[in-house]
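Structure, as structure tokens:
The values are calculated or read from the model by the stated rules, or taken from the named source; none is laboratory data. Quick caveat: nothing in here was measured; it's all calculated off a predicted structure. Note that we place each Cβ from the backbone using ideal geometry, even for glycine, and neighbour counts take in every protein chain shown.
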Amino acid sequence: MAHNVIYMKQVKKRYQTGQVFFDALRGIDLRVEQGELIAVVGPSGSGKSTLMNIMGCLDVPTGGVYKLDDKVVNTLTSNQLADIRNKKIGFVFQAFNLLPYATAYENVEVPLLFARVSGKKRRERVHELLARVGLADKMANKPTEMSGGEMQRVAIARALANEPDIILADEPTGNLDSKSGGAIVKLFEELHDSGKTIVMITHDKSIAERAQRVVRLKDGLNDTNGDLS
Amino acid sequence: MNLTTIYNVFIRDFRKQKKRITLTVIALGWGTISIMVMLAFGEGLHRQLMQNKRGLGEGIGILWGGQTQIPYKGMGKGRPIRFTSEDVEFIEQRVPNISLISGEMHRWGARVRYKDNVLSEHITGIGPEFEHMRAHIPERGSRMINELDMQLRRRVVFLGDEMKANLFGEEDAVGKTVFIDEIPFTVVGVMKHKMQMSNYSGHDLSKGSIPLTTFEAIYGRRYLGNIVYQAHDLDRMADIEKQLYSVLGAKFQFDPEDESALSIWDVVAGMKEMSNILLGIQIFLGIIGGLTLIIAGVGVANIMYVSIKERTREIGIKMAVGARRGYILVQFLLEALIITFGGGIGGILISYVLTEGFRRMPIESDVLDFMGRPVLSPEIGVTVVIILGAVGIVAGLFPAMRAASVSPVESLRYE
């Protein structure tokens, strides 16, 4: 059996505002093996994004165990979490989340800067990444000068900057027309072929069908009608 | 992030909040100017007053004979202690910490005449030591009383510059004859003009000084008005005082503990006290200026809070791709410092131009002779930069801490 990159056991997330509680995740079990392409589906409010945030170490669970590469994440410090986000995980968001004042080049450079990659190496790497997503000629463009598809490709290049094992994508095609969405999906498939582990939240059935495995969520729980490993 | 990016972010922010940032930078500049100009005036005042203080003499003490208050060795109290020229030699031999010493005699209301100009002025009998001890510096082309004048009891006179002006006007005085109490004296020197803040027998500029030996011979005086001495080492002034009591106590038969037997004015101690008072004034001026700067700092904090609110999403993005909280903190702190020093450096330059301009203005005024002119010393520069840095850090720290403490998830969701 392949190595579990992501291991979740009864992961819970409770939000508290004053006296009011809200349980976004009520006990999720999940395992993701190295090199898998997984789609997470579920209706709005089912906890997909919360799950994604916890998986991506943007947030910590309030219950259960989350192991990333056999390391328990629950108790890590904020700096350790930041380093994990920097090196082990690449994020792709529905809203792209590029820095609006920075060029494509600078946006891709950001994670490399945090990883303290030296100047020359950094330049080579940014060029290589942007070429890989087909934007070698748009390096100096700012997000406002690019189409949605192009912005998302910049975001993917940024996610790949420090060669993370895992790519987490939260509805990466949600803001795109079907044509550019298709191109993005194709890019993810290429990444998967090159050995990356990919977890993708999606509403799009056609995309979910291409995944090796689909995880369904409902009301903060695994939807047992679905496929669960 | 590299400096270009920080710069770009800053420029973008600047465009967004042009008015607010401009006003704050002006406030910072104003605060800096006020603190610098105040400190510069304080420094000028300090220097001028210390210099004026030195007009009396540097590192000197003035000794008068007093009256005993404690009965001693069978002698009652109330005995006057009076010094003669021999006592000056006696002290010089026995108190090693004294480098220069001279007796002094006074005659107030002496009739001083040159041609038809008659003055009623103060004539002192002094020694050549006064040149160094009491800043009797001769004008170019003239000299102070010297040792030979003393030995030969020459009838020569060294005029204070005001006395010279009153007697001679614009006319050259050196070599001319003036009559003091109708006795002819040759003018050998005129004192260079000096500011004199304190005195014990009137200001030197309106006095005429003749050799002490000549004074004794002409007026038939035996007792000195006072003795002036200078210490080798300024820290030894208290020791000298103690030695004077014991040495003179032995000679004049008074109790060395009898304070009223002698009267000593330690000018060094007075200078130190004055210097401390002036330091106090400068600190006070600095605090007033500093308060202005602190108010400007509130403006910086305000801008940083707004800027952080507007950039919440950016903070979230950076955190998502691996920025540690420390990085976010430093980034905003740096921006606060850029704004602070932007205003600060402008203020420093303007203050420099202002004080230099004021210093070079060709105004002659008694007030300025007393107050001095503003001076920007390196210490002031360092103080202001430290205060600016502190204001920038404090103004930036709280907003930056807030920026660094936001949760990445929430800041990504922020619209």
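Residues that are touching a Gly at 6+ places or on another chain (Cβ under 9 Å) and either in contact (Cβ under 8 Å) with a residue 60 or more places away in the chain or within 14 Å of chain A (Cβ to nearest Cβ) (or both): list the helices (runs of 4 or more DSSP H) wholly contained in the range B:306-392 that include at least 3 such residues.
Helices (runs of 4 or more DSSP H) meeting the threshold: B:325-360.
Can residue A:226 be described as modelled with pLDDT under 90 and surrounded by 20 or more Cβ atoms within 10 Å (Cβ to Cβ)?
no
Name the pairs: first residue in the range A:124-137 and among the basic types (Lys, Arg), second residue outside any helix (DSSP H, G or I) and surrounded by 13 or more Cβ atoms within 10 Å (Cβ to Cβ), Cβ to Cβ under 7 Å, at least 6 apart or on different chains?
A:125/A:117; A:125/A:161
Considering each of B:307, B:351 in turn, give the residue that is of a type in the set (S, T, N, Q), at pLDDT 90 or above, over 22 Å from residue B:98 (Cα atoms) and surrounded by 16 or more Cβ atoms within 10 Å (Cβ to Cβ).
Going through B:307, B:351 in turn, the sole match is B:351.
Answer yes or no as to whether residue A:156 is of a type in the set (Val, Ile, Thr) and closer than 20 Å to residue A:192 by Cβ.
So residue A:156 passes the test.
Do any helices (runs of 4 or more DSSP H) entirely within the range B:101-202 hold 3 or more residues that are more than 19 Å from residue B:56 (Cα to Cα), and if so, which?
Because the criterion is at least 3 residues that are more than 19 Å from residue B:56 (Cα to Cα), the helices (runs of 4 or more DSSP H) in the range B:101-202 that meet it are B:147-152, B:161-168.
Go through B:319, B:371, B:401 for me and flag whichever is at negative phi, within 21 Å of the chain's Cα centre (by Cα) and aliphatic (A, V, I, L, M).
B:371
Among the residues of the range A:31-41, write down those that are buried (at least 22 other Cβ atoms within 10 Å of the Cβ) and of a type in the set (Gly, Ala, Ser).
If the condition is that a residue be buried (at least 22 other Cβ atoms within 10 Å of the Cβ) and of a type in the set (Gly, Ala, Ser), then A:39 is the only one that fits.
Which one is nearest to residue B:344 (Cα to Cα), of the residues in the range B:48-71 that are surrounded by fewer than 19 Cβ atoms within 10 Å (Cβ to Cβ) and at pLDDT 85 or above?
Here is the first cut: in the range B:48-71, the residues surrounded by fewer than 19 Cβ atoms within 10 Å (Cβ to Cβ) are B:50-52, B:54, B:58, B:64, B:66-67, B:69-71.
Subset that is at pLDDT 85 or above: B:64, B:66-67, B:69-71.
Details: B:64: 54, B:66: 58, B:67: 61, B:69: 62, B:70: 64, B:71: 68 Å.
Checked the range B:48-71; the qualifying residue nearest to residue B:344 (Cα to Cα) is B:64.
One line per residue, one yes/no per condition, for (1) assigned to a helix (DSSP H, G or I); (2) more than 15 Å from the chain's Cα centre (by Cα):
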{"site": "B:34", "(1), (2)": "yes, yes"}
{"site": "B:37", "(1), (2)": "yes, yes"}
{"site": "B:40", "(1), (2)": "yes, no"}
{"site": "B:43", "(1), (2)": "yes, no"}
{"site": "B:49", "(1), (2)": "yes, no"}
{"site": "B:57", "(1), (2)": "no, no"}
{"site": "B:61", "(1), (2)": "no, yes"}
{"site": "B:70", "(1), (2)": "no, yes"}
{"site": "B:78", "(1), (2)": "no, yes"}
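Would you mind telling me which numbered condition in (1) buried (at least 22 other Cβ atoms within 10 Å of the Cβ); (2) within 14 Å of chain A (Cβ to nearest Cβ); (3) of a type in the set (S, T, N, Q) residue B:405 fails?
Result: residue B:405 fails condition (1) only.
Could you figure out which of (1) under 13 Å from the mean Cα position of the chain (by Cα); (2) under 17 Å from residue A:162 (Cα atoms) isn't true of residue A:83?
With (1) under 13 Å from the mean Cα position of the chain (by Cα); (2) under 17 Å from residue A:162 (Cα atoms) applied to residue A:83, the lone miss is (1).
For the list (1) within 14 Å of chain B (Cβ to nearest Cβ); (2) buried (at least 22 other Cβ atoms within 10 Å of the Cβ); (3) not in a loop (DSSP other than H, G, I, E, B), I need the number of the one condition that residue A:28 fails.
(1)
Is it the case, given these coordinates, that residue A:126 is more than 7 Å from chain B (Cβ to nearest Cβ), surrounded by 17 or more Cβ atoms within 10 Å (Cβ to Cβ) and not in a strand (DSSP E or B)?
Taking the combined requirement at face value, the residue satisfies it.
Here is a list: A:164, A:143. Which entry is surrounded by fewer than 22 Cβ atoms within 10 Å (Cβ to Cβ), under 12 Å from the mean Cα position of the chain (by Cα) and within 14 Å of chain B (Cβ to nearest Cβ)?
A:164
Hey, could you check the range A:43-59 for residues that are under 14 Å from residue B:319 (Cα atoms) and assigned to a loop (DSSP other than H, G, I, E, B) and say which is farthest from the other protein chains (Cβ to nearest Cβ)?
Across the range A:43-59, the extreme among qualifying residues is A:57.
Those residues that are basic (Lys, Arg) and modelled with pLDDT of 90 or more, I need them from the range A:187-212; list them, please. Reasoning before the result, please.
Within the range A:187-212, the subset basic (Lys, Arg) is A:196, A:205, A:210.
The one that is basic (Lys, Arg) and modelled with pLDDT of 90 or more: A:196.
Based on this model, can you work out whether residue A:157 counts as small (Gly, Ala, Ser), closer than 23 Å to residue A:55 by Cα and either within 14 Å of another protein chain (Cβ to nearest Cβ) or over 16 Å from the mean Cα position of the chain (by Cα) (or both)?
yes
Tell me which residues, restricted to the range A:44-66, are free of Cβ contacts under 8 Å to residues at least 60 places away in the same chain and touching a Phe, Trp or Tyr at 6+ places or on another chain (Cβ under 7 Å).
Result: A:54, single match.
Would you point out which residue out of B:98, B:126, B:91 is surrounded by 16 or more Cβ atoms within 10 Å (Cβ to Cβ), touching an Asp or Glu at 6+ places or on another chain (Cβ under 6 Å) and either assigned by TED's automatic domain parsing to the domain that holds residue B:219 or modelled with pLDDT of 95 or more (or both)?
B:126 is the lone residue from the list that is surrounded by 16 or more Cβ atoms within 10 Å (Cβ to Cβ), touching an Asp or Glu at 6+ places or on another chain (Cβ under 6 Å) and either assigned by TED's automatic domain parsing to the domain that holds residue B:219 or modelled with pLDDT of 95 or more (or both).
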